[in-house]
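J.: Here you go, one structure.
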Amino acid sequence: NVPEDQADKLLLASWGLPKAVLEKYHSLGVVQMFEWQAECLMLGQVLEGKNLVYSAPTSAGKTLVAELLILKRVLETRKKALLILPFVSLAKEKKCYLQ
């Protein structure tokens, strides 16, 4: 569980994302994360580029964790990222979404 003093970490706005990114998520109804998603992002040195392996049921929100990690790293390091997705339809959807 997310400690009480870090409950603001559930809000996307507390992760230092640009306004345009937050507005896109908000337009899709995503304003905050589930506790398990915030826990993933706060584990060890994940935000500094260390590896993260996590598992959740279908439609639980795994992609949001990956997107936030990728966005943070790309914006902070100005380097490219590679996002591998299992289906062409999902890849096309994410391409439009992330542009």
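The values are calculated or read from the model by the stated rules, or taken from the named source; none is laboratory data. As the structure is a prediction and not an experimental result, all values here were calculated from the model. All Cβ positions, glycine included, derive from the backbone under ideal geometry; neighbour counts span all protein chains shown. Note: areas computed on protein heavy atoms with side chains; ligands, DNA, RNA excluded. Shrake-Rupley method; radii C 1.70, N 1.55, O 1.52, S 1.80 Å.
J.: When we measure straight from the Cα of residue 50, which aspartates and glutamates land under 17 angstrom away, once same-chain ones fewer than 8 places off are left out?
T.: 39, 67, 76
J.: Please list, in order along the range 56-62, the HN-Hα scalar couplings obtained from phi with the Karplus expression 6.51 cos²θ - 1.76 cosθ + 1.60 (θ = phi - 60°), rounded to whole Hz, x for Gly and Pro.
T.: 7, x, 4, 6, 8, x, 4
J.: Could you work out the relative contact order of the range 4-98? I mean the mean sequence separation of Cα pairs under 8 Å and 6+ apart, divided by the number of residues, in percent.
T.: 19
J.: For a quick check: with amide H placed at 1.01 Å from N, whose amide H comes under 5 Å from residue 11's, ignoring anything fewer than 5 positions away on the same chain?
T.: For residue 11, whose amide H was placed from the backbone, the distant partners under 5 Å are 33.
J.: Using θ = phi - 60° and the Karplus form 6.51 cos²θ - 1.76 cosθ + 1.60, what ³J(HN,Hα) does each residue of the range 42-54 get, whole Hz, x for Gly and Pro?
T.: Result, ordered by residue: 9, 6, x, 10, 4, 5, 9, x, 6, 6, 9, 10, 9 Hz.
J.: Just the accessible area for residue 54, please: 1.4 Å probe, Å², rounded to the nearest 10?
T.: The accessible area comes out at roughly 70 Å².
J.: Return the sequence-ordered ³J(HN,Hα) values of the range 92-98 in whole Hz as given by the Karplus equation 6.51 cos²θ - 1.76 cosθ + 1.60 applied to θ = phi - 60°, using x for Gly and Pro.
T.: 5, 4, 5, 4, 5, 5, 7
J.: Now for a different question. Please go through the range 59-99 and write out the trypsin sites (Lys or Arg not before Pro) that DSSP classes as loop and that have at most 13 other C-beta atoms within 10 Å.
T.: Qualifying residues, ordered by number: 78, 79, 80.
J.: Could you list log10 I(q)/I(0) for the range 4-98 at q = 0.12, 0.15, 0.25 Å⁻¹, which the Debye formula gives when each Cα is one point scatterer?
T.: -0.38, -0.62, -1.79
J.: Running a GNM on the chain with Cα contacts under 10 Å, which residue among 22, 82, 68 ends up with the highest mean-square fluctuation?
T.: 82
J.: Also: How charged is the neighbourhood of residue 38? Take every other residue with its Cβ under 10 Å from the Cβ of residue 38, and add Lys/Arg as +1 and Asp/Glu as -1.
T.: The answer is -2.
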